[in-house]
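Remarks on the structure that follows.
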Amino acid sequence: MLRDLLSRKRARIVEKWFDVILETYPEDTSKFLKKGKDPFANPVRHTILQGVEGVYDALLKEGQSPEALNDFLDKVIRIRAVQDFSPSQALAFVFSLKGVIREVLGKEIRENHLHDQLLLLETRIDALALRAFDVYMGCREEIYELRVSEVKRMREQALRLLERTDRVFQKRKEDEDAPSRDS
Amino acid sequence: MSSEELDIKPEDLLKFDYDPPKQDWMDPSVAFRKGTYCYSCAPKHLEYLEMANPREWQPHDKDWKLPENWKEIVFEGMRDRLSKYRSFQLFMDICVRCGACADKCHFFIGSGDPKNMPVLRAELLRSVYRNDFTAVGKILGKLAGGRELTEDVIKEWFYYFYQCTECRRCSVFCPYGIDTAEITMMARELLNLLGLNITWALEPAANCQRTGNHLGIQPHTFKDSLEFFQDEIEDITGVKVNLPISKKGADVLFVTPSGDYFADPGTFTLMGYMMLFHEIGLDYTWSPYASEGGNFGLFNSHELMKQLNAKIYAEAKRLGVKWILGGECGHMWRVVNQYMDTMNGPADFLEEPVSPITGTKFENAKSTKMVHIAEFTADLMKHNKVKLDPSRNDSLRVTFHDSCNPSRAMGLLEEPRHVLKSVCNHFYEMPENTIREQTYCCAGGAGLGTDENMEMRMRGGFPRGNALRHVQEKHDVNRLACVCAIDRATLIPLADYWAPGVVVTGVHELVGNALVMKGEKERELDMRGDPLNEMEGDEDV
Ligand code: SF4
Ligand code: SF4
């Protein structure tokens, strides 16, 4: 069964997949991303690793909830969506899982005639890619939202400043007017 | 059909842009991709400040309209600064490229761009220095790590030196004490000689010069704003707090960043100050002429910083106060602690600050005569001089972001924590290597906090966001407190993107919530005007 193979070779496959992702960074950076294990000193490594492990496990599990899958994809994509990548560069990692699986399991797949199952798995990876695209767009939209809301916040603050001074002005006028009305 | 029968393998289809460009760091070419740089400053502000080369231009233009003799100007500027600032010369010479700083910059960590390693950032300038100012570089050029100064190098400087928040995290790790922030400051000065600057670093400085604050708010508007907050406080507490403005002979002049009376959530913190001062009966005064704690001169040039800083002291002298109390501001403290004394000091006409309430002498402020509000308030609390009800903050689960300047430039680490722990029952620290001296920057300081730069801010903000997310997941943290007006603006989108649901707050906002005032009515509302202790979540800050 392909599924058993995938579970047995999980560590190898995830490691290779992670390496392929690290290689999309300039050399000095991928060196850094490989070595530092502290999750707070090297958060990109830590978060992406969490993400790919989660995605891989979710992919193997039958009946995995779409939200959980999205959360793991989000870990990887939220970072790559703001880094210096084109959309295709940011998302190529999803497809590269296919290459990694063939490389690691190619022999066993051939020997055990598991091509049909591989095709099925690759179809799932394609679906994963579509999902990744949605997550990516979601992140990019958030960035634009953040921009817009920052500008709006500034404008609102300026308007509120005017309102405030106006309110104080009106109140002062009322106070001044009040005694003359009495007399 | 098995995939081997296909001519093309799927991974081949993806080969086209799979590898990162193999770029040599010496190659200066930069692609100005929207979202990753700040726009230029409008010529009118340059004219007002009498700065070089005012003109319309943008970084994404091909032609930057540099002055004809731009090369001479830069070399002359470098020569001048090398002789004037010993530290600059030292920093150019002594880096041994040990790499200790390389992975400490939030922009490198978050972006993965090697030129954001502090050592390489500095190298962008150093390579030109080596080429033209050292004997070995003049002979060996590129072999000695020298680079010729070209227009592309200037563009690269602009890109990367306006991609450094001057936060000084890297300097904490350098065994030689090299401060890359100082190198950035020099580079920005050189860029300014060519008229290359960014809006948010310069426009506030121009406004400040003209009206006394970054936003160009005039004295009557300043006064009206404060009166408005006086009313707000009365609505919330039933107490009408006193509001001394330009009061001659007051004990203390209070100066805070304009963000505090302009923008939420700073306004809530400002009300906190007003309530506290009223409650302890502090003899103090506000001033429309010193209505700005921030000093964006720091992000442009030494001269501008000096002028802006001098205004505060001139006002203190005019009003005849004894000393100055400063609000929750970040870089104001860097200016005061690192530069004020040599620039405009000593402020002999003021007295050594002593708290009129507790009698504590503020030794740190002995020569600058300016005390940080967190230190002042922590001292009040240590002496039990204020009555507090921390349970009013019980719906808040708070963590503290050390702002770069108060923590690294003045060592203000324990005081804000003491205040927070006194006014709220649920306080949680982020991981050790992301706070105190090692704090990660908000990635929007030093003029970089504009909306057009949002993508870059999110890259640089990731290390902070990641630590914040951690305490959010582990302790349900829902408030991020800080003592800096820039942070109070820039951390909002940072939290929205990396740890959605966490709300940004000033420390004295929480003081305002917890402060029990004489003669107050039963408190039902917090400083935001929301019902006290309502669970967060429906809040739209
Ligand atoms: S830590 Fe200091 S000496 Fe080492 S590379 Fe960085 S700046 Fe140079
Ligand atoms: S001062 Fe801060 S932003 Fe600048 S290089 Fe150092 S760590 Fe990076």
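None of the figures in this text is laboratory data; all of them are computed from the coordinates on show. Computed from a predicted model, the values in this text were never measured in an experiment. Please note: Cβ atoms are built from the backbone with ideal geometry, for glycine as well, and neighbour counts cover all protein chains shown.
Some notes on this structure:
- Residue pairs exceeding 21 angstrom between C-alpha atoms, taken from A:Lys9/A:Lys31; A:Lys34/B:Lys34; B:Lys240/B:Lys521: A:Lys9/A:Lys31; A:Lys34/B:Lys34.
- Placed amide H near B:Ile245: partners under 5 Å, 5+ positions off or other chain: B:Trp286
- Taking Cα centre as origin and charging only the Cβ of basic (Lys, Arg, +1) and acidic (Asp, Glu, -1) residues, the dipole magnitude of the protein assembly as shown rounds to 1800 debye.
- Above-threshold pairs, the threshold being 23 Å between Cα atoms, out of A:Lys98/B:Lys104; B:Lys115/B:Lys142; A:Lys35/B:Lys104; B:Lys311/B:Lys385; A:Lys37/A:Lys75: A:Lys98/B:Lys104; B:Lys311/B:Lys385
- Of the GluC sites (Glu not before Pro) found in segment B:486-524, the ones in coil according to DSSP and having at most 15 other Cβ atoms within 10 Å of their Cβ are B:Glu520, B:Glu522, B:Glu524.
- Separation of alpha-carbon centers, segment A:116-183 and segment A:1-61, rounded to whole Å: 35 Å
- The distance separating the Cα centre of segment B:52-124 from that of segment B:248-307 comes to 33 Å.
- Computed from the Cβ-Cβ distance with R0 of 41 Å, the FRET efficiency linking A:Ala158 to B:Tyr85 stands at 0.60.
- Length gained when the stretch B:Tyr428-B:Glu524 is fully extended (0.36 nm per residue, less Cα-Cα span): 32.0 nm
- Gyration tensor (alpha-carbon) shape descriptor, segment B:157-230, a/c threshold 1.5: oblate
- Gyration tensor verdict on segment B:295-439 (Cα atoms; rounded if a/c is under 1.5, prolate if a/b is larger than b/c, oblate otherwise): oblate
- If both residues of a DSSP beta bridge must be in chain B, then about 20% of such bridges are antiparallel.
- Label point distance in nm, A:Lys9-B:Asp27, each placed 7 Å from Cα along Cα→Cβ: 3.6 nm
- By the count of neighbouring beta-carbon atoms within 10 Å, fewest first, B:Tyr160, B:Tyr261, B:Tyr428 end up ordered B:Tyr428, B:Tyr160, B:Tyr261.
- Part-to-part distance (alpha-carbon centres) for segment A:67-110 and segment B:385-457, which is given in Å: 36 Å
- Per-residue mean of C-beta atoms belonging to partner chains within 10 Å, peptide B:463-469: 3
- Expected 222 nm ellipticity per residue - DSSP helices of 4 or more, -39500 (n - 2.57), all of the protein assembly as shown, to 500: -17000 deg cm²/dmol
- Whole-Hz couplings from phi, Karplus 6.51/-1.76/1.60, listed for segment A:11-21; x for Gly and Pro: 4, 4, 5, 4, 4, 5, 4, 4, 4, 4, 5
- Of the Cα atoms belonging to segment B:206-514, the radius of gyration and Dmax stand at 18.2, 52 Å.
- Taking max minus min of the alpha-carbon positions on each principal axis, segment B:346-402 gives extents of 46, 26, 13 Å, largest first.
- Kirkwood's formula applied to the C-alpha pairs of segment A:5-131 gives a hydrodynamic radius of 15.3 angstrom.
- For the peptide B:480-492, the mean number of other protein chain Cβ atoms found within 10 angstrom of a residue's Cβ is 1.
- For chain B, diffusion coefficient by Stokes-Einstein and Kirkwood Rh (Cα), 37 °C, 0.692 mPa s, µm²/s: 134 µm²/s
- Nearby aspartates and glutamates by direct alpha-carbon distance to B:Lys138 (threshold 13 angstrom, same-chain neighbours under 8 apart not counted): B:Glu148
- Within a Gaussian network of chain A (alpha carbon springs, distance under 10 Å), most fluctuating of A:Arg153, A:Arg110, A:Arg12: A:Arg153
- Based on every Cα atom in the protein assembly as shown, Rg and the maximum pairwise Cα distance Dmax equal 28.0, 107 Å.
- With neighbour counts taken as other beta-carbon atoms within 10 Å, the residues B:Thr377, B:Thr199, A:Thr123 rank, fewest first, as A:Thr123, B:Thr199, B:Thr377.
- For the segment B:448-456, counting C-beta atoms of other chains within 10 Å of every residue's C-beta and taking the mean gives 4.
- Taking the fewest neighbouring Cβ atoms within 10 Å as the starting point, the ordered list for B:Glu292, B:Glu189, B:Glu72 is B:Glu72, B:Glu189, B:Glu292.
- Mean separation of Cα contacts under 8 Å (6+ apart) over length of chain B, as relative contact order %: 16 percent
- Members of B:Lys369/B:Lys518; B:Lys84/B:Lys306; A:Lys16/A:Lys107 lying beyond 25 Å, as alpha-carbon distances in this model show: B:Lys369/B:Lys518
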